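Reading through the structure tokens given below for one structure.
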Amino acid sequence: MTHIKTFIFAGASSAIAKETAKLLQNKGHKVVGISTKPKDDTFDNWYQIDQYDFGKFPDIADAIDGLVYFPGTINLKPFARLTAAEFTTDWQVNSLGAVAFVQSYLNNLKKAEEHASIVFISSVAVQTGLTFHSSIAMAKGALEGLTKALAAEFAPAIRVNAVAPSLVNTPLGNKFLNTPEKVEQMQKRNPLRKVGEPKDIAQAITYLLLEESAWVTGQILAVDGGMNVIKN
Ligand SMILES: NC(=O)c1ccc[n+]([C@@H]2O[C@H](COP(=O)([O-])OP(=O)(O)OC[C@H]3O[C@@H](n4cnc5c(N)ncnc54)[C@H](OP(=O)(O)O)[C@@H]3O)[C@@H](O)[C@H]2O)c1
């Protein structure tokens, strides 16, 4: 019988986080959620916190098999209109919060029976230049750098990877999908003529968390309908 694993998700109210939790639970694993929102019953345990920052994450004593950091923003504006405060918030939520999260639970990962795994959520906007994406591209770009640096530093005990989606149908992406015309336009822009669904990303995260990816570390896995490499 496979060993039952426990994972911690930060930003657990995310539609992608909930879908990932369900996939892991279907395989018999447990998922603890940390969120700024009230409890979501999908999760086996839940901690509500006020922000993703140093000293804000709850103490958890148990061994933990993997971490996923979900908090993110999509603040798209012309570069000249982005304020210092907006750049700082995007950096804080997308990058620095991930650092605080991993530092908080590193000792828990070291107690894992098998090799532990960390997954970050980046964006297609890091590898592909997109208009109005300067702030999010910068913040997620830092996260991709962190992925590779930690993969080196934590090997061989802990694997570290990221998933980089293009537009996904979640509350965060809703602004770009809230009319049939916008959905059609976004489908046309994608090489596979499809907007992502939470499950598309959840399946990739589940793969990176479990033993199926035991020989994969330091990778940025594009799950984006080919958006970062194909023009058709
Ligand atoms: N949807 C897309 O098109 C898309 C594309 C590329 C990358 N992503 C990334 O996918 C991840 C998950 O997002 P999702 O699409 O599943 O969206 P979602 O369902 O709308 O969830 C939003 C996530 O961001 C957190 N969040 C939102 N605003 C925040 C703020 N101001 N401060 C701190 N945390 C905030 C939420 O955490 P709480 O649990 O605390 O609410 C939650 O984890 C994000 O990192 C996002 O950047 C999404």
Task: Net charge dipole size for the stretch 1-67 [Lys, Arg +1 and Asp, Glu -1 on Cβ; Debye, nearest 20] - done: 220 debye
TODO: May I ask which residue of LEU172, THR128, THR6 lies farthest towards the positive end of the charge dipole of the chain, with charges of +1 (Lys, Arg) and -1 (Asp, Glu) on Cβ and the Cα centre as origin?
DONE: THR128
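Which links in LYS110/LYS140; LYS39/LYS199; LYS18/LYS148 stretch past 24 Å when you go from one Cα to the other? Provide the component values of the computation, followed by the final result.
Numbers: LYS110/LYS140 26 Å; LYS39/LYS199 21 Å; LYS18/LYS148 26 Å.
Exceeds cut-off: LYS110/LYS140; LYS18/LYS148.
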TODO: Could you tell me which of THR89, LEU210, PHE54 has its Cα farthest along the dipole of the stretch 6-223 towards the positive end, charges placed at Cβ (Lys, Arg +1; Asp, Glu -1), taken about the Cα centre?
DONE: THR89
TODO: Return one number: the angle in degrees, 0 to 90 and rounded to the nearest 10, between the long axis of the Cα atoms of helix 97-110 and the longest principal axis of the Cα atoms of the chain.
DONE: 30 degrees
Task: Projected label distance in nm at ILE230 and ASP40, using a 7 Å step from Cα toward the beta-carbon - done: 2.9 nm
Task: Dipole in debye (nearest 20) - the stretch 6-223, about Cα centre, beta carbon charges: Lys, Arg +1; Asp, Glu -1 - done: 660 debye
- [ ] Quick one: dipole size for the stretch 43-97, taken about the Cα centre, charges +1 on Lys/Arg Cβ and -1 on Asp/Glu Cβ, in debye to the nearest 20.
- [x] 440 debye
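If you average 1/r over all unlike Cα pairs in the stretch 6-223 and invert the result, what Kirkwood radius do you get in angstrom? Intermediate values should be presented prior to the final figure.
Working: mean 1/r = 0.0569 Å⁻¹.
One over the average 1/r among Cα pairs gives 17.6 Å for the stretch 6-223.
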TODO: Report the FRET efficiency, 1/(1 + (r/R0)^6), for PHE54 and HIS3, where r is their Cβ-Cβ distance and R0 is 30 Å, rounded to 0.05.
DONE: 0.45
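Return the loop-located trypsin sites (Lys or Arg not before Pro) in the stretch 74-166 (DSSP other than H, G, I, E, B) with at most 14 other Cβ atoms within 10 Å of their own Cβ; answer none if there are none.
Numbers: sites: ARG81, LYS110, LYS111, LYS140, LYS148, ARG159; in loops: LYS111.
Answer in residue order: LYS111.
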Open item on the list: Below 12 Å, Cα to Cα, which aspartates and glutamates can LYS194 reach? Residues fewer than 8 away in the same chain don't count.
Closed with: GLU184, ASP224
Task: Degrees separating the helix 180-189 axis from the principal Cα axis of the chain, which is the longest one - done: 80 degrees
- [ ] Mind pulling the angle between the C-alpha long axis of helix 15-26 and the longest principal axis of the chain? Nearest 10 degrees, somewhere in 0 to 90.
- [x] 40 degrees
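A short reminder: the numbers here are calculations on the coordinates, not readings from a lab. Since this is a predicted model, take the numbers as computed values, not measurements. Cβ sites come from the backbone with ideal geometry, for glycine too, and all protein chains shown count toward neighbours.
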